[in-house]
Amino acid sequence: MYNILVNRNYAVKQNKKGCDNLIKIKECRLKHNLRQRELSTIINVPPNTLSQWETGLFEPPLDKIIEIAKYFNVSTDYLLGVEPERGSPGKTNTA
């Protein structure tokens, strides 16, 4: 299901189905009026690597997901599509 590839010193998984949830990286970038080149410089990856993450071709490594979440002040769950809204906490049962 996954192929492990090395992309500029980053081991990444190529998902044959794509990583649709990681489109949130692009949403955050656009909300902050950043170009791919600007964000890629901030997180220290080549622009083409960031593009591959945003299009779902490759999954970013965990350390980069954390770095991006911290930069945009969102949770990693949000970036991964676990939380439906930006930075919203999960619902808990109070009954």
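The values are calculated or read from the model by the stated rules, or taken from the named source; none is laboratory data. For clarity, every value in this text was computed on a predicted model and none was experimentally measured. For neighbour counting, all protein chains shown are included, and Cβ atoms are generated from backbone atoms with ideal geometry for every residue, glycine included.
Figures for the structure shown
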quantity: Check on residue 8, of a type outside the set (A, V, I, L, M) and at pLDDT 90 or above; calculated: no
quantity: Some residue of the stretch 18-33 being polar (S, T, N, Q), modelled with pLDDT of 95 or more and not in a helix (DSSP H, G or I); calculated: yes
quantity: Subset of the stretch 38-62 [of a type outside the set (A, V, I, L, M, F, W, C) and either within 13 Å of residue 79 (Cβ to Cβ) or in a loop (DSSP other than H, G, I, E, B) (or both)]; calculated: 44, 46, 54, 55, 56, 59, 60, 61
